[in-house]
1. Restricting attention to segment 13-35, which residues are open to solvent by less than 70 Å² (accessible area, probe 1.4 Å), without any contact (Cβ under 8 Å) to a residue 40 or more places away in the chain and either within 16 Å of Pro87 (Cα to Cα) or among the acidic types (Asp, Glu) (or both)?
2. May I ask you to list the residues in segment 23-38 that are in a strand (DSSP E or B), more than 17 Å from Ser65 (Cα to Cα) and hydroxyl-bearing (Ser, Thr, Tyr)?
3. Being out of contact with any strand residue (DSSP E or B) (no Cβ under 8 Å at 6 or more places or on another chain) and either open to solvent by 100 Å² or more (accessible area, probe 1.4 Å) or among the hydroxyl-bearing types (Ser, Thr, Tyr) (or both) is the filter here, so list the residues in segment 149-180 that pass it.
4. Assuming Asp119 fulfils every condition listed in (1) under 26 Å from the mean Cα position of the chain (by Cα); (2) surrounded by 17 or more Cβ atoms within 10 Å (Cβ to Cβ); (3) within 30 Å of Thr36 (Cα to Cα) apart from one, which condition is it?
5. Quick one: would you say Leu49 is open to solvent by 70 Å² or more (accessible area, probe 1.4 Å), of a type in the set (A, V, I, L, M, F, W, C) and either within 30 Å of Gly114 (Cα to Cα) or within 24 Å of the chain's Cα centre (by Cα) (or both)?
6. Taking segment 130-171 only, how many residues are within 17 Å of the chain's Cα centre (by Cα) and under 30 Å from Ile52 (Cβ atoms)?
7. State yes or no: is Phe60 open to solvent by 90 Å² or more (accessible area, probe 1.4 Å) and either at pLDDT 90 or above or under 24 Å from Asn157 (Cβ atoms) (or both)?
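The values are calculated or read from the model by the stated rules, or taken from the named source; none is laboratory data. In this text the structure is predicted, and so the values were computed from the model without any measurement. Cβ: placed from backbone, ideal geometry, glycine included. Neighbour counts: every protein chain shown. Ligands, DNA and RNA are stripped out before the accessible areas are found, and what is left, the full protein with its side chains, is counted by its heavy atoms. Shrake-Rupley method; radii C 1.70, N 1.55, O 1.52, S 1.80 Å.
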Amino acid sequence: RTFSRPNLPDLNPSEIIDVTAGVPKITRGNTDLKPTFSNNLDFMGEYFLKDIGLITAGVFYKDISDYIFRDISAERINNVNYIVTQPKNIKDASLLGFEFGITKRFTEWNGFWGGFGIDFNTSIIKSKLEVSRYDAQGNVTATDETTLPNQSKLLFNSSLFYEKYGFMFRIAGNYRGKSV
């Protein structure tokens, strides 16, 4: 079980009104924010190769409550339409993922070539949360299902490296899929 406290500026009971741009904006804090809690379950397996290499695979699940997100909505005050940004809690969310990785040094290759190696890992993640829409009286009008904010479905990192004769070189690439 893990938890994350709200950021201190998000708890600030203040309001900033900006009317200098085209659409007036209000940024508010939220003193009612709760910490985010997560019940986690992880299974991981590792297989060590003879040449200091490693193959890993795992599955993980997170049951999340009171996830903190930045809500953006429209609000009409004194006949002026504002865009309002405020941190809020979402009651329930979940995340299920699979991860795989390999680190392989090609020490079985002769001479200069024996210094090469690869490092690769990937995660495939399915996250889910339900977001309710409300009318002006605070009644739920609809519930939408979406993914966790900033959580991509696909992540991977890879690198090709060389380590031999006191020399080390690494070229790496990272990919993060689309997210909300």
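1. Ser14, Asp18, Pro35
2. The answer is Thr27, and nothing else.
3. In the first step, residues of segment 149-180 are kept if they are out of contact with any strand residue (DSSP E or B) (no Cβ under 8 Å at 6 or more places or on another chain); the result is 150, 164-167, 178-179.
Correct list: Asn150, Tyr165, Phe167, Lys178, Ser179.
4. (3)
5. no
6. Total meeting the criteria: 4.
7. Numbers: open to solvent by 90 Å² or more (accessible area, probe 1.4 Å): no; either at pLDDT 90 or above or under 24 Å from Asn157 (Cβ atoms) (or both): yes.
No: the conditions fail for Phe60.
To keep it simple, each residue is scored yes or no on (1) in contact with an Asp or Glu (Cβ under 7 Å, 6 or more places away or on another chain); (2) of a type in the set (Phe, Trp, Tyr); (3) farther than 21 Å from Ala172 by Cα.
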{"position": "Lys88", "(1), (2), (3)": "yes, no, yes"}
{"position": "Leu96", "(1), (2), (3)": "no, no, yes"}
{"position": "Glu99", "(1), (2), (3)": "no, no, no"}
{"position": "Ile102", "(1), (2), (3)": "no, no, no"}
{"position": "Trp109", "(1), (2), (3)": "no, yes, yes"}
{"position": "Asn139", "(1), (2), (3)": "no, no, yes"}
{"position": "Ala142", "(1), (2), (3)": "no, no, yes"}
{"position": "Thr147", "(1), (2), (3)": "no, no, yes"}
{"position": "Asn150", "(1), (2), (3)": "no, no, yes"}
